[in-house]
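Step one of this worksheet: look at the structure below.
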Amino acid sequence: MSKASAVLGCFYGDEGKGRTTDYLAIKAEVSVRATGGNNAGHSIVVNGHKFAMRLIPSGILSNKTIAVIANGVVLNPSVLIGEINMLKEHGIDVDKWLKISDKAHVIFPYHEEMDVYLESKRHHPIGTTKNGIGPTYCDKYERSGIRIEDLYRTDLKERITSRVRAAEKITGEKFDAEKIYEDYKGYAEVLRPYVCDTVTLLHKYLKEDKYMVIEGAQATLLDIDFGSYPYVTSSNPTIGGMLTGTGLSAHDIGDVFGVIKAYSSRVGEGPFVSELKDETGDLIRDLGHEYGTVTGRPRRCGWLDLVTVNYAVMLNGVNYINLNHLDTIGKLPKIKVCVAYEVNGEVTRDFSTNEEFLKAAKPVYEEFEGNFGDISKCKTFEELPLAAQKYVRYIEEYTGTKVALIGTGAERENMIVTIDL
Ligand code: IMP
């Protein structure tokens, strides 16, 4: 029986997970999205066209891979239909490849409004994407959520109306329940051909030995349990969420690819120990084009933080690292890497998501030589300049994990692969 590969972010998101999944898609017959919603934005360039994917697993872009939106996802039907139409316009046979879980929870306009309202009232603003992700998961866990399968029930109107009234009480705003009902009834018909029990389907695919890739969204430090709470998203983008978000078992997971950049970045609020609030941070942002795919927000940038990476490796059982933007960091003459935290006079390599700990933590750095020159043509590890090799080797030694994929430039082919897949 085939095993599924998992691809997940080791930091605060935007590590370039799309590149790993794009590479694995060469072999993948099934691509899966397990958690989150249209708060994610993966940009992938195929045949010179840049696709901004929000919900549908990017494996579909190969036009030969089944794309499954699994039960753990929160789904905005209007965004999804926009994405389906966009893919069809580019010749992707969506009707053949797309499968949507009947158990995925649905995002409604009142969720988006509640997201804005709750953020404005929060004692510690998070900087959410305002896509209604948190309020939809709230409804799910409060057991009032509306799932995809509920869109086909005869009592849909009553269900929507009851949620609308609750949202009105909280936000003080008025919502047009009748219009929402009509719109969603329309969306439900468009989506009907894709809806199925994806749990049974995924297990069937594994039995048929289909190679499966679970495409992570968001990242370890944004995890509701293991991230820098409260500055996190509302799901589990770590390995556990990939199981509950799909119905696969721990035995079904094979390789776990942890994606990092050769520097660190974060959007939104919250602690970031190796952040650079100076010209070097600005330079990294510009060199790495660190602006949000969805929101255009400038990302906060800093040195690579291996204390955090080790935490992500440990939590997720990462056995391969995908290191992106080696070319970007190699443009600097000197590179620093955070190898420990000094917290109230004590030096530690152990990460904690405790807010006070993270606020007090001061980065301890090791310095490396930069100026790698143009490495975009390097096809093997050995072709990299020695300074770049030393940097990569250090990451491997520190984390005890093989660096399997190395991003050396923006194009699809600018990637060194050090393992056989
Ligand atoms: P929410 O997921 O919209 O509730 O946002 C919660 C936090 O997670 C905010 O700081 C967002 O900026 C962050 N976030 C959510 N999705 C992503 C992502 O795909 N990449 C990076 N940050 C994200």
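For every other residue with a beta carbon closer than 12 angstrom to the beta carbon of residue 177, add +1 if it is Lys or Arg and -1 if Asp or Glu, then tell me the sum.
0
Beta carbons within 10 angstrom, averaged per residue: use that to sort the peptides 317-329, 159-171, 108-120, highest first.
So the peptides 317-329, 159-171, 108-120, ranked by packing, come out 317-329, 108-120, 159-171.
Applying 1/(1 + (r/R0)^6) with R0 = 22 Å to the Cβ-Cβ distance of residue 250 and residue 102, what FRET efficiency is obtained, to the nearest 0.05?
The computed FRET efficiency comes out at 0.40.
Only residues of the range 99-114 count here: report those whose backbone N is under 18 Å from the spot 7 Å along Cα→Cβ of residue 2, or say none.
Only 99-100 pass the distance filter.
At 0.36 nm per residue, minus the direct Cα-Cα distance, what do residue 397 and residue 286 gain on full extension? Give it in nm, one decimal, please.
37.0 nm
Could you tell me whether the range 160-260 comes out rounded, prolate or oblate from its Cα gyration tensor? Rule is a ≥ b ≥ c as square roots of the eigenvalues, rounded for a/c under 1.5, then prolate if a/b exceeds b/c, otherwise oblate.
oblate
Run down the lysines and flag those whose C-alpha is under 22 Å from the C-alpha of residue 99, throwing out any fewer than 8 positions away in its chain.
Reachable lysines: 3, 17, 27, 64, 88, 140, 185, 204, 207, 210.
Could you give the length gained on full extension between residue 149 and residue 209, defined as 0.36 nm per residue of separation minus the Cα-Cα distance, in nm?
18.8 nm
Compute the label zone of residue 371 within the range 323-357: residues whose backbone N is under 16 Å from the point 7 Å along Cα-to-Cβ.
Output list for this probe position: 329-336.
Using the Karplus curve 6.51 cos²θ - 1.76 cosθ + 1.60 with θ = phi - 60°, what ³J(HN,Hα) values do you get for each residue of the range 147-164, in whole Hz, with x for Gly and Pro?
9, 3, 5, 6, 5, 9, 7, 6, 9, 4, 4, 5, 4, 4, 4, 5, 6, 4
Under the rule of -39500 (n - 2.57) per DSSP H run of 4 or more residues, summed and divided by the residues of the chain, what mean residue ellipticity at 222 nm is obtained, to the nearest 500 deg cm²/dmol?
-9500 deg cm²/dmol
What full-extension length gain, to one decimal in nm, is calculated for residue 192 and residue 346 as 0.36 nm per residue of separation minus the Cα-Cα distance?
Length gained between residue 192 and residue 346: 49.7 nm.
Cut-off is 10 Å between beta-carbons; in what order do 234, 264 appear when sorted fewest neighbours first?
Result, fewest neighbours first: 234, 264.
Simple spin-label model, 7 Å along Cα-to-Cβ: residue 419 to residue 124 in nm?
About 3.5 nm, to one decimal.
Under a cut-off of 27 Å between alpha-carbon atoms, report the lysines in cross-link reach of residue 362, not counting same-chain residues fewer than 8 places apart.
The reachable lysines, counting only those whose Cα sits under 27 Å from residue 362, are 261, 277, 331, 334, 336, 390.
If each of residue 176 and residue 225 carries a label point 7 Å out from its Cα toward its Cβ, how far apart are those two points in nm?
Computed distance between label sites residue 176 and residue 225 equals 4.2 nm.
Only Lys, Arg, Asp and Glu count, each charged at its Cβ (+1, +1, -1, -1), so figure out the dipole size of the chain about its Cα centre, rounded to 20 debye.
Value, rounded to 20: 560 debye.
Assuming R0 = 60 Å, what is the FRET efficiency of residue 142 and residue 381, from their Cβ-Cβ distance, to the nearest 0.05?
0.75
Tell me the label-point distance for the pair residue 86, residue 157, using the 7 Å Cα-to-Cβ offset, in nm and rounded to one decimal.
Here the modelled spin labels are 3.4 nm apart.
A short reminder: the numbers here are calculations on the coordinates, not readings from a lab. The structure presented is a predicted model; accordingly, all values stated were derived computationally and were not measured. Using ideal geometry, Cβ is built from the backbone for each residue, glycine included, and neighbour counts are taken over all protein chains shown.
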